[in-house]
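Novice: The structure that follows is given in the form of structure tokens.
The values are calculated or read from the model by the stated rules, or taken from the named source; none is laboratory data. These numbers come from a predicted model, not from an experiment. Using ideal geometry, Cβ is built from the backbone for each residue, glycine included, and neighbour counts are taken over all protein chains shown.
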Amino acid sequence: MRLLGRGRQRGAARRGYETGRVDIATGINVRELGGFPTPSGTTRYRRFLRSGSTARISPSDARELFDYGVRRILDLRGKEEVTNSPESLLSLRNVEYLNVPLYDFDISAGVLAHEDDVGGYLTESLLSMLENRAAFRQIFTFLAHAPRSACTLFHCGAGSDRTGLLSLVLLGLAGVERRQLVADYVYSFGYIPEVNAAIFEHVEEGARTLQVRGELRTRIASVSLVHDRIHEAFGGYEGFLRSCGVRESEISQVRALLLRRFPGRYRMPAEETLVSSAELLHRDIPGPVANTTFFVHAYERPDKVTADLYYMSDKTRDLMARIDENQRNRSFHDHDYVTLEVPLEERGKLFAPVAGELLALSDVDDPYFASGACGAGVAIVPSGNTVYAPAACRVTVQVPTRHAIGVLTQDGIEVLIVVASSTASASRRGFRQHVWQNDSAHRGTPLLSWDPTLVGKDASSPVLMIVTNSSEFPRLDIRDSGSVQVGDEVASISWE
């Protein structure tokens, strides 16, 4: 057994891996910006939280946020809003505070007042916010100088429009793709009861559902237009920030705070990012009607239907390949997950994803992984050809070659599983992926498999299971010798 004692104390507030929401009872729409996939990596947890008003945060929830790492508050509300509803976290905890009015009032109230032209008014309001260059310059100067150990919480009133726009710019700067940016913005509206209650305070209960669905379509169309305008006018979010006068060093600092980069071999090619060029943007992304249909369908029927494609005959391989491609390119709606029940005795544990012989990670041939630069872990010389989920988890990373996959467990353990680490530029031939971006999987669910006759010598290469955020846990016990079967315990974490 090996013992790793690096890392900082884990906070009491959970990460909320199912939806990205942080469980704060007296908070409004408190959500993480961590866990979003990008072509070069994934966004980090505990760097930025977004929320609605914190005016009613209880002392116990203020402590939860403080334990989570929140040390800085960015308030996007107007001066009058701040006067009428002061920032309560300042009186409850020792945090740094900055008020930068991105817009003078809550857009939601204005939208309801312009029922004859809801879409036009919302779009105009969002574009007006983008014109507030001085505010964005001040905001990013503040964000760029955050200590790496601190989490910044930014908020407005309901946490939907002003907060949503800043979230759009931050995630867009990190490289999150268009459809997922739209999904994250729209999720604030219609899916969260406390946001609905705040926005539709004066709408009769019977009419509220129809109002939500109509407004949902409006917001999808508006934020999609804003995203496209930024790319057309400035070439992307980095260009937009430059036009606001934000320094290059500050842009780089904010991106570095938010983005955890993966080694080059595991990054998605530019042609698959869906935002690499105007041609790809218009060719691969469904139009507004298709997007609207998708999100409204997700709102009315959030449960996903997944087909078992594990055992298909040779005669249906062509169909299987086309279904796989369609699954991989499906819209990344980051919030319609299935909640998985995990037995108490399995919390904080990782189980063998494949049967075989354990091998210390330092003994593998790949110098990058052997050095521990990607995190602590273990290698298994496989006796089978299928990798199974090491715990109840959500898929957070998939690669075009399909020989590696990243997952996030319910306990916040980030795991990268790699088959044939020497396959730096492998083709997809021989590897099979059974789950897809944002799928939830029970422990023991097949994740990857490979055909030994097609993969060749790489079929016997060690399967690597790496805890990429191992430095966050004070204690990590790893078993690295002996034989294991699928489901045997190989690692456990402790927060004490």
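Novice: So which pairs qualify, if the first residue must be in the stretch 40-63 and within 18 Å of residue 397 (Cα to Cα), the second must be aromatic (Phe, Trp, Tyr) and crowded, with 18+ Cβ neighbours inside 10 Å, the Cβ gap must be under 7 Å, and the two must be at least 6 apart or on different chains?
Specialist: 40/262; 41/262; 42/36; 43/36
Yes/no per residue for (1) within 18 Å of residue 362 (Cα to Cα); (2) acidic (Asp, Glu):
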residue: 390; (1), (2): no, no
residue: 413; (1), (2): no, no
residue: 418; (1), (2): yes, no
residue: 444; (1), (2): no, no
residue: 462; (1), (2): yes, no
residue: 489; (1), (2): no, yes
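Novice: Another one. Please state which one of 387, 381, 354, 338 is in the same structural domain as residue 480 (by TED's automatic domain parsing), modelled with pLDDT of 50 or more and under 23 Å from residue 37 (Cα atoms).
Specialist: 387
Novice: Applying the selection to the stretch 131-159, what residues are in a loop (DSSP other than H, G, I, E, B) and either within 24 Å of residue 56 (Cβ to Cβ) or among the acidic types (Asp, Glu) (or both)?
Specialist: Passing the criteria: 131, 150, 156, 157, 158, 159.
Novice: Could you please find all residues in the stretch 449-476 being crowded, with 17+ Cβ neighbours inside 10 Å, out of contact with any Pro (no Cβ under 7 Å at 6 or more places or on another chain) and either in a strand (DSSP E or B) or basic (Lys, Arg) (or both)?
Specialist: 449, 450, 464, 466, 467, 476
Novice: Something else now. Let me confirm something: among 373, 379, 404, which residue is without any contact (Cβ under 8 Å) to a residue 60 or more places away in the chain and out of contact with any Cys (no Cβ under 6 Å at 6 or more places or on another chain)? Can you show your working first?
Specialist: Working: 379 fails: without any contact (Cβ under 8 Å) to a residue 60 or more places away in the chain; 404 fails: without any contact (Cβ under 8 Å) to a residue 60 or more places away in the chain.
Only one candidate qualifies: 373.
Novice: What are the pairs, 6+ residues apart or on separate chains, where a residue within the stretch 87-104 that is in a strand (DSSP E or B) has its Cβ under 8 Å from a residue that is among the hydrophobic types (A, V, I, L, M, F, W, C) and modelled with pLDDT under 90?
Specialist: Here the result reads 97/89; 97/90; 99/82, each pair linking the stretch 87-104 to a residue that is among the hydrophobic types (A, V, I, L, M, F, W, C) and modelled with pLDDT under 90.
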